[in-house]
Each structure stands twice: as structure tokens, then as C-alpha cells.
Amino acid sequence: MKIVHIITRLIRAGADENTVLTCVSQAKEGHDVVLVHGREFDPSYHSWLPQEGVRLIELEPLVRKMSPLHDMKALFQLRALLKELSADIVHTHTSKAGILGRIAAYLARTKLIVHGVHIVPFVNGGWFERQIYLLAEHITSQFTHAFIDVSQGVRDIYLRYGVGRPDRHHVIHSGFDLSKFKNASYPNDWRQILDIGMTEEKPPVVIILGALEPRKRQAEFIAAFRRVLERTPTARLLILGEGSQAANLRQQVKDLNLTENVKVIGFREDPEKMIALSDLCVLTSSHEGLPRVVMQYLAGGRPCVVSELPGLDEVLKHDVNGMVIPSADVPAAADAVAMLLSDHEMLARLARGARETDLSNWAATTMCARIANVYEALAGDQDFNPVRQQRSALS
């Protein structure tokens with residue numbers, strides 16, 4: 001089959017890595033795979049993905065924020081591209097690409113249209129943006145043959161708002177290489193990272209791993225980190241990732257005189273080793289789909305303190321393998337970290353809970369196999385095109 005994936009950005013975020021894993025798996029299965037992405041991308045993907053049999057196409061007008069001019073250009077270019085490629089399946093990912101890509105696929109008469117729901121776009125942000133996305137999701141759901149939801153919580157929200165029939169939603173968790181995280185050791189440069197001498201003991205380490213964006217609320221956690229230092233003065237906070245807030249976060253650390261204890265590390269190729277270096281992991285996002293990084297924390301045997309998020313209770317159990325704090329209360333996350341670093345017995349108990357967590361549903365092989373099953377079921381359904389009669393009018 002010829003399969004075209006469309007994503008707004010191609011960076012080192014969870015949805016992007018999920019998409020890349022899926023593309024590589026499908027190429028290895030012998031499918032003709034094309035990955036279309038917007039102007040914001042990591043060039044390293046262009047270095048190795050073609051070697052894995054995945055063709056990459058940059059669509060310059062495809063941008064993350066709403067922009068009528070760019071969005072119309074992206075829609076027309078996508079439609080022309082999809083007609084040229086004549087794909088059997090178009091699989092869209094993330095909010096903007098999900099809307100424009102599905103409309104373009106519909107207009108291009110694509111046989112099957114699948115949308116990967118990594119985050120819910122119509123429950124966060126400003127009122128106008130939420131309404132636009134909700135309307136667009138209702139319209140595109142009429143010709144979306146399957147939704148692949150990263151969590152039960154995400155699926156439930158879509159159904160609650162009447163987007164898509166229940167039988168078209170499939171919960172498939174965002175997979176990764178579990179063994180890489182389970183068996184990781186410290187990075188070779190760990191003393192340099194923590195800024196300690198060769199004879200000094202490792203201090204308590206807390207990490208936040210994720211894109212440096214406002215919704216991740218790293219800035220709010222940095223501001224509250226003094227609560228941790230009051231009880232554990234030697235603690236280190238390592239913030240890993242890249243994004244629009246990197247410079248602001250580094251300046252904030254300087255302004256708060258926290259340069260000894262808080263390090264904005266940036267992107268690293270070895271997140272599993274950084275998790276192994278930590279004693280406790282944190283995620284304070286205001287909204288997510290089901291954050292794969294939490295599964296990576298747990299796969300590394302590290303308990304975590306996480307803001308309450310839809311679907312999180314599928315795997316993170318409060319006071320069993322981590323702590324769940326109210327979504328709007330980032331200082332409460334700092335208080336939980338301060339308490340756990342001071343209570344070694346409780347921290348060890350939660351670490352045991354993390355190591356014993358069943359994460360088999362998050363294996364990359366499981367994810368790819370389940371997506372393939374969805375494709376095969378759709379291809380075998382003789383009535384998979386519920387709006388065939390409408391296409392000629394809109395084309």
C-alpha cells in the first residue's frame with residue numbers, strides 16, 4: 001500500500017517520534033511510505049529517514065498556529081500533492097495537520113482517511129480557537145474512517161463532544177522501545193551535567209523532559225523549585241528538551257539566582273540515560289493527550305509527580321508509582337517533590353511501584369501492529385466510504 005502520513009511539525013516531541021516509528025515500521029513491512037511535514041522540523045530526520053525507506057516532503061505553508069493565508073495555501077498544496085501521490089491511506093497527526101490533511105485527502109478522493117489524536121485541540125486555548133477546532137473536527141469526522149487515540153481519556157473527550165462514532169475510535173498507546181529505558185545507565189558526562197567534582201556524591205536529581213513550550217509549564221515549576229531547595233539544598237533540577245521557551249527559561253534561572261541547582265540542558269540523544277540519572281521525574285503540563293514521557297519515566301523505574309491529565313489513570317496510580325497533583329496547582333508539584341526527596345522510604349516504595357508497572361501496551365512493536373490491524377480492517381470493509389456520493393460535489 002502507499003501510505004501518506006501528514007504532521008504539522010517534525011521535531012523531537014512525543015507525537016512526532018510516534019509518527020516516525022510508525023512510518024519506519026510500515027516501510028520495513030514493504031509499504032510505500034511518505035511523510036509530509038511543515039516548515040518546523042529537525043533536519044536530522046532528513047539524514048536518516050530516507051535510509052529507512054521513508055520519503056520526506058516539506059510543505060512550507062503548513063504552520064502550527066492558525067493563519068488563514070498559510071492554511072489555505074497548505075490545503076491547496078496538500079490536495080495537489082495527495083492527488084499526485086494517489087495514496088491508499090492518508091494518516092494525519094496533530095491538530096492543524098489533522099484538519100487540513102483530512103480535508104485535502106477527502107478532496108483528493110483518498111480511499112481511506114485515518115487521524116491520530118495525540119492531543120485534544122478543542123478543550124484548551126482561547127474560546128474562538130476552541131470553537132473553530134471543534135467545528136472543524138465535527139466536519140472532518142464525517143469522512144474520517146478511523147481515529148487512533150493515544151489514550152482512553154482522549155477518546156472519551158472526543159465522544160463526549162460528539163466527534164466520530166464510537167466504532168471508529170481505536171485506543172492505541174504511543175509506543176517506544178521499552179528495553180532502552182529499562183536497562184539504561186548514567187550518561188558518561190553525568191558529573192559535568194550536575195556540575196560536581198570527581199569525589200562528590202551524586203545529589204538528588206529531579207528531571208523534566210519535554211518540549212520547552214508554555215503548556216508544559218516548566219517556568220512555573222522553576223519558580224516553585226525554591227520550595228524543594230528549602231528542604232533539600234543540594235537538589236538539582238534538570239530540564240531537558242528544546243522549544244520556543246528555551247532562552248526564557250535560561251534567563252529565568254539566572255534572574256532567580258538558581259544556576260547552581262537548575263540546569264536547562266536542552267535536547268539530548270539519550271533521554272533514557274538522563275532518566276536513569278534522576279531520582280524523581282516531573283511533568284506539569286496544562287494539557288496533553290497521554291504523555292508518553294510519563295511511560296518513559298516509569299519504564300526507567302522512576303516515580304513521577306504529574307499534573308492530573310485525561311487518561312493518566314490508565315497507568316499512573318497515585319501513591320503507588322507516583323503522585324498526581326491538581327492540574328492548576330504547579331506549586332503543589334514542587335511540594336510533592338520536596339516531600340518525596342525528604343522521605344527516602346516513600347520514594348523507594350514509589351520507585352518499586354514504577355518498576356513493577358505493566359507497560360506492555362506502550363511497546364513500539366505493539367503500537368505498530370495495532371495500527372496495521374486498523375488499516376487492514378478498514379481495507380477489508382466494503383462499506384468504508386460513507387460519503388462517496390458527496391465527493392464529486394466538493395471536488
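The values are calculated or read from the model by the stated rules, or taken from the named source; none is laboratory data. Here the structure is a predicted model, which is why all the values come from computation and not from measurement. In this analysis, Cβ positions are derived from the backbone assuming ideal geometry, glycine residues included, and neighbour counts consider all displayed protein chains. To get the accessible areas, we keep the full protein, side chains included, count just its heavy atoms, and leave off ligands, DNA and RNA. Shrake-Rupley method; radii C 1.70, N 1.55, O 1.52, S 1.80 Å.
Some values worked out for this structure:
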{"item": "Phi-based couplings in Hz for region 206-221 (Karplus 6.51, -1.76, 1.60; Gly and Pro marked x)", "result": "10, 10, 10, 10, x, 4, 8, 10, x, 5, 7, 6, 5, 4, 5, 6"}
{"item": "Long-range HN-HN contacts of GLY311 with modeled amide H, under 5 Å", "result": "GLY153"}
{"item": "Length added when fully stretched, ARG226-GLU58, from 0.36 nm per residue minus Cα-Cα", "result": "56.1 nm"}
{"item": "Per-residue ³J(HN,Hα) for region 237-246, Karplus 6.51 cos²θ - 1.76 cosθ + 1.60, θ = phi - 60°, Hz, x for Gly and Pro", "result": "10, 10, 10, 10, x, 9, x, 5, 9, 4"}
{"item": "Cβ-placed point charges (K, R +1; D, E -1), dipole of the chain about Cα centre in debye, nearest 20", "result": "820"}
{"item": "ALA80-SER179 FRET efficiency (beta carbon distance; Förster radius 56 Å; 0.05 resolution)", "result": "0.85"}
{"item": "With DNA, RNA and ligands ignored, accessible area of ARG39 (1.4 Å probe; Å², nearest 10)", "result": "100"}
{"item": "Net charge, ASN261 excluded, C-beta distance under 13 Å - Lys, Arg +1, Asp, Glu -1", "result": "+3"}
{"item": "Global form of region 11-119, assessed from the alpha-carbon gyration tensor, a/c cut-off 1.5", "result": "oblate"}
{"item": "FRET E, pair GLU129, MET198, Förster distance 35 Å, beta-carbon r, rounded to 0.05", "result": "0.10"}
{"item": "Cα centroid separation - region 78-95 against region 162-205, whole Å", "result": "32"}
{"item": "Cross-link pairs beyond the 27 Å C-alpha cut-off, checked among LYS96/LYS254; LYS28/LYS73; LYS263/LYS317; LYS216/LYS273; LYS2/LYS65", "result": "LYS96/LYS254; LYS28/LYS73; LYS263/LYS317; LYS2/LYS65"}
{"item": "Potential lengthening between ARG352 and HIS46 on full extension [0.36 nm per residue; Cα-Cα distance subtracted]", "result": "106.2 nm"}
{"item": "Heavy-atom accessible area ranking, 1.4 Å probe, most first, across MET198, MET323", "result": "MET198, MET323"}
{"item": "Inter-probe distance in nm under a simple model that places probes 7 Å from Cα toward Cβ, at PHE267 and ASN373", "result": "3.4"}
{"item": "Shape of region 258-362, Cα gyration tensor, a/c cut at 1.5", "result": "rounded"}
{"item": "Region 18-74 shape via C-alpha gyration tensor axes, a/c threshold 1.5", "result": "prolate"}
{"item": "Heavy-atom accessible area per residue - region 32-114, 1.4 Å, Å²", "result": "43"}
{"item": "Region 301-389: GluC sites (Glu not before Pro) in DSSP loop, at most 12 other beta carbons within 10 Å", "result": "GLU356"}
{"item": "Amide hydrogen neighbours beyond the local backbone of LYS317, cut-off 5 Å, H modeled", "result": "GLY322"}
{"item": "For peptides 91-98, 128-135, 13-20, sequence by mean Cβ density within 10 Å, most packed first", "result": "91-98, 13-20, 128-135"}
{"item": "Length-normalised contact order for the chain - Cα pairs under 8 Å, 6+ apart - percent", "result": "15"}
{"item": "Within a Gaussian network of the chain (alpha carbon springs, distance under 10 Å), most fluctuating of PRO68, PRO310, PRO204", "result": "PRO68"}
{"item": "Long-range HN-HN contacts of GLY243 with modeled amide H, under 5 Å", "result": "LEU212"}
{"item": "Cysteines in the chain that, by Cβ-Cβ distance, have no pairing candidate under 4.7 Å", "result": "CYS23, CYS368"}
{"item": "For GLY175, net neighbour charge (Lys/Arg +1, Asp/Glu -1) across residues whose Cβ lies under 13 Å away", "result": "+1"}
{"item": "Once the Cα gyration tensor of region 97-149 is diagonalised, semi-axes √(5λ) in Å", "result": "21, 12, 8"}
{"item": "Alpha-carbon centroids, region 32-47 and region 297-359: separation in whole Å", "result": "34"}
{"item": "Estimated vicinal HN-Hα couplings, Hz - region 310-320 in sequence order (Karplus 6.51, -1.76, 1.60; Gly, Pro = x)", "result": "x, x, 5, 5, 5, 9, 8, 10, 4, 6, 10"}
{"item": "Surface share of carbon and sulfur [accessible, 1.4 angstrom probe, percent] for the chain", "result": "51"}
